[in-house]
Structures are given as structure tokens and as C-alpha cells.
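These notes concern the structure reproduced below.
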Amino acid sequence: MKTAAISRTKMAYVDEGQGVPVLLVHGFPLDHSMWDAQIAALSKSARVIAPDLRGFGKSSLAAGDGERGISMEAYADDLAELLDAIGVKEPIVLAGFSLGGYVAWQFVRKHGHRLRGLVQCDTRAVADNEESRAGRLKMAENIAEWGSGRVMEMMGPKLFAPATFEKKPEIVAAVRKVIETTPPPAIAAAQRGMAARPDVTAMLPHIIVPTLVLVGEHDAISSATEMKGIADAIPGAEYVVIPQAGHMTTMEEPEAVNAALARFVAAQVR
Ligand code: MLT
């Protein structure tokens, strides 16, 4: 991986291939590796940039992030700074997954002029309800004591389609490994930020960039029905359901996700 110094952190990122820039933003509490199959496929015809968000993977937190939390807007600003730091001036295709999708909404809001296309994978537009918010804050408070492995115990059952546990245990193991090695302060920072994230539903009808909404058929975190509602609210958005996948579409059914992404990216190059 490469690293770039931006104002609040040293950001680690993969930068492979040439052509239209495609920025892939991972979910919680993961890192760029959830996009490995897409990096390999898309970098044959595009410049694929896949960072580790602040605190995750090989990117460091700034002092106080764990206690203060990192807003979705701040993560989005980090991404804009990363693009500046590595000299990406032309419009990008931005693909956000779950947490990465929450960040992508804020990127659209603040840095929308940098976009030629938006892909929202397995994510939500609404804010948390009181129960989820309380759960996030409880995790933020206790994660140092619990250890990161507890997050896999809590989230694991919701991350994959039932068949994935049986037929593709190596994918479950790979995700477990990433979660177990995520530093507790990064988990606390992201949970506080997600708990405070705004409802962006009112913004959806005003999104003018070409958009693809993609979801796993069995996603138990951001359901296909909910994502269909997001696609319906964004003018002209395309909606793709990935059969047999749960939340972790990019890893559970990489070929189907690659095909949808490659087609969408190609359509944005004129
Ligand atoms: C993710 O995959 O990024 C998480 O499920 C997001 C969340 O906790 O809302």
C-alpha cells in the first residue's frame, strides 16, 4: 500500500491501474481489502483507489478521534484531501459500501463537483433510531475493554447470507481477521460518528450525478427493500440486486458485483 499525508492523518491506500479514477470506500469495521476482488477486476481498465479510512487498516487516527468520534463529513473531507494529495483532478466514480456509503452521501453534499458517478452499496440513507444509536455509543464506551473480537460476535450473524457461512467459510474467516485486528479506538471513533450521522433522505431527489444502487438479496443490515426506496428517490438511479449475497456483497458474490460496477464505470466514460 501507499501512504499520503493529509491534514489529520497519514492515509494508506491502494492505487492500481490507469483510466477513469474509481474510489472505493469500505465498510465498518473493515478496511480496503473488502474490495480486493473489485480492485483486481476494475484496475484492468480504470484507476482504482481504495483507501483505509482514518483509524482502519493501515491509516492512523488523529489524537482524540476515539473519544470525539469522526463525523461522516470528516471522513469525506479526508477522501477529498487524499484525491488532492495524489493529484486526482478529473471527476471520479465514487463507490461507498455501508459506512463508506454514509461517507459517500457527505462527499456528494460537499464535494459533489468531483463526481462523475456514484455507486451506493448495501447502505442506508436514514439516521439511526434511538436503540441503534444507544448500541453504538455503548460499544464506543466499552470496546477497549471488550476487544475488537466482540464486534464480530455481535455483527457477524448479520453480515452474510446463510449460505455463505456454509459454503464460503473462508470469506467469513477473512472478515473475522480484519475485524479482530481493527484497533478499538477506530471502532469507537466510527461508532460515535455513525451514531451522529444525519438523515439524508431529503437530499436524494436532488442528486444529479448518475447513480447505481446495489444490494445483496439477503442483506440483513440495509435491506433490498430499503435500498430500492433509495434508488426510487434518486432521479434516474439504476438498482441492482446481487442474488445469494448478504450484506458483504463485494466478497460473497464478487463476479456479480464486478460486472455491475464495470458496466456502470464504462458508461460514465465519455
Ligand atoms: C458497515 O457494514 O459499514 C456497517 O454495517 C454500518 C453500520 O454499522 O451501520
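The values are calculated or read from the model by the stated rules, or taken from the named source; none is laboratory data. As the structure is a computational prediction, the values presented were derived from the model and not from experiment. Glycine also receives a Cβ, built like all others from the backbone with ideal geometry; neighbour counts cover every protein chain displayed. All accessible areas refer to the heavy atoms of the entire protein, side chains included, with ligands and DNA or RNA removed. Shrake-Rupley method; radii C 1.70, N 1.55, O 1.52, S 1.80 Å.
Points worth noting:
- Near-label residues of the range 105-137 by backbone N, under 19 Å of a point 7 Å along Cα→Cβ of Met154: 124, 127-137
- The range 1-124 gives an Rg/Rh value of 0.93, both radii derived from C-alpha positions and Rh following Kirkwood.
- Scaled radius of gyration (Cα, divided by 2.2 N^0.38 Å) that the range 164-270 gives: 1.24
- Share antiparallel - DSSP beta bridges, the chain, percent rounded to 5: 25 percent
- Glu16 - accessible surface, heavy atoms, 1.4 Å probe, Å² rounded to 10: 80 Å²
- Rg/Rh for the chain, where both radii come from Cα atoms and Rh is the Kirkwood radius: 0.93
- Cβ-defined net charge surrounding Ala125, 15 Å radius [Lys, Arg +1; Asp, Glu -1]: -2
- Normalised per residue, the volume of the convex hull around the Cα set of the range 122-217 (Å³): 130 Å³
- Net charge contributed by nearby residues that have their C-beta within less than 13 Å of Ser222 (K/R +1, D/E -1): -2
- Protein heavy-atom accessible surface, 1.4 Å probe, per residue over the chain: 41 Å².
- Of interest is the spacing of the C-alpha centroids, which for the range 102-158 and the range 178-211 amounts to 4 Å.
- Förster radius 25 Å - calculated FRET efficiency between Asp36 and Arg263, Cβ distance, rounded to 0.05: 0.80
- Accessible-area rank, largest first, for Trp35, Trp146: Trp146, Trp35, with all protein chains present and a 1.4 angstrom probe.
- Kirkwood Rh and Cα Rg combined as Rg over Rh, evaluated for the range 1-72: 1.01
- Pairs of lysines in the chain whose Cα atoms sit within less than 20 Å of one another amount to 14, provided the residues are eight or more positions apart or on different chains.
- Computed with a 1.4 Å probe on the full set of protein chains, the accessible area for Ser7 sits at about 90 Å².
- Amide H to amide H, with H built 1.01 Å from N, Arg116 comes under 5 Å of Ile92, Val93, Leu94, counting only residues 5 or more places away or on other chains.
- With the whole protein complex present, Arg124 retains an accessible surface near 60 Å², based on a 1.4 Å probe.
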